[in-house]
Amino acid sequence: MFRIFRVLSKLPLSFLQALGVVVGWVVWFSSARYRKQFLKNIKSAGLSWAQTKGAVSAAGKMVGEIPWLWSIGPTKRALDYADIGDTGFVERALLDKRGVIFLSPHLGCWELGAQLLGETFAPNYGDLVALYRPARKAWVERLLLQFRHRKNLSFVPTTLSGVRALLRHLKSGGFTAILPDQVPPKGLGVWAPFFGRPVYTMTLLPKLAQQTGALIVLTWCERLPRARYKLSFRDLSELGIGDKSISLEEATTRMNKAVEALVLEFPDQYLWGYNRDKQPRDLPGQSPSGSQES
């Protein structure tokens, strides 16, 4: 598999995206479970098939882009393939040694977004530091290891020591990126509304903001025609997600509202096939009741 990825990475990005589109529609027609989840999610968001069918192609492009994304290195810059939005308010925060948390939903090409953040800000403000969880499959972990060992990006494990390292990084004025719309393990989230139904939502992002005073910035990497991208930014200060005086339920509700608004702007680039309603899994060493095993 690793060799296949190496061969594919040498192909033009436009070809890989086109191949991905085919894969996306093959999965759509062959997986009743995927179709059911997709249609359930867009219905809860009040959207039509016509508004969202492009997301089937987008999901396929995401798969097709992987070999190309993980081959980015010293001779291939992500910035050469993307336009960058206004970074002024982000730069001011970093210059003031205020940490920045980039809130990056499963919309557009979020993997490239992380690399673009690193290439844009790391030369002046240090690496983007993010949490990672080891993959269950060995060949996937090998690919992830290659992705992690690259310029401008640093990764720490999703353990207590990793979170502490991330806290120190933010308090020193660094920056990180977090996917807010994935179901966290049991005990690491709260139930909050998302498109009209309660979903288990991570509390890590608001906790980090409350403990560090970091600026929360919504960011997304939009796919454009002809294999181009655009990385955009939106200041979420007015939402008060990091306000220490509010509950985590309220903070995650506000965070979900920000994600909802962005999804409604770009419904054909969101990952609608993800089961946002699933029950949280137990952490390793945790009993089914949710208590830690001794």
* Can Val263 be described as closer than 30 Å to Leu16 by Cβ and in a helix (DSSP H, G or I)? -> yes
* Filtering the stretch 75-95 down to residues that are among the aliphatic types (A, V, I, L, M) and within 19 Å of the chain's Cα centre (by Cα), which residue is modelled with the lowest pLDDT? -> Ala78
* Has the stretch 45-58 got at least one residue that is under 30 Å from Asn152 (Cα atoms) and not in a helix (DSSP H, G or I)? -> no
* From the options Ala114, Ala135, residue that is closer than 30 Å to Trp25 by Cα, modelled with pLDDT under 95 and assigned to a loop (DSSP other than H, G, I, E, B) -> Ala135
* At least 2 residues that are modelled with pLDDT under 95 and either touching a Cys at 6+ places or on another chain (Cβ under 8 Å) or closer than 22 Å to Gly113 by Cα (or both) in each: list the strands (runs of 3 or more DSSP E) lying fully within the stretch 138-246 that qualify. => 153-157
* Which of the residues that make up the stretch 4-30 are hydroxyl-bearing (Ser, Thr, Tyr) and over 24 Å from the mean Cα position of the chain (by Cα)? -> Ser30
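Residue by residue, here is whether (1) within 23 Å of Cys221 (Cβ to Cβ); (2) modelled with pLDDT of 95 or more; (3) not β-branched (Val, Ile, Thr) holds:
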| position | (1), (2), (3) |
| --- | --- |
| Phe5 | yes, no, yes |
| Phe15 | yes, yes, yes |
| Leu39 | no, yes, yes |
| Lys61 | yes, yes, yes |
| Gly73 | yes, no, yes |
* Taking only pairs six or more apart or across chains, which ones have beta-carbon atoms under 6 Å, a first residue in the stretch 235-251 that is assigned by TED's automatic domain parsing to the domain that holds Pro193, and a second residue that is of a type in the set (Phe, Trp, Tyr) and in a helix (DSSP H, G or I)? -> Asp235/Phe89
* Asked: From the set of residues in the stretch 67-91 that are charged (D, E, K, R) and loosely packed, with under 14 Cβ neighbours inside 10 Å, which is farthest from Ser14 (Cα to Cα)?
  -> Asp86
* Asked: Which number in (1) out of contact with any helix residue (DSSP H, G or I) (no Cβ under 8 Å at 6 or more places or on another chain); (2) of a type outside the set (Lys, Arg); (3) closer than 24 Å to Leu131 by Cβ marks the one condition that Pro12 misses?
  -> (3)
* Asked: Consider Tyr274 against the criteria (1) more than 14 Å from the chain's Cα centre (by Cα); (2) surrounded by fewer than 20 Cβ atoms within 10 Å (Cβ to Cβ); (3) in a loop (DSSP other than H, G, I, E, B): it satisfies all of them except one. Which criterion is unmet?
  -> (1)
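The values are calculated or read from the model by the stated rules, or taken from the named source; none is laboratory data. Note that the structure is a prediction, hence the values are computed from the model and not measured. All Cβ positions, glycine included, derive from the backbone under ideal geometry; neighbour counts span all protein chains shown.
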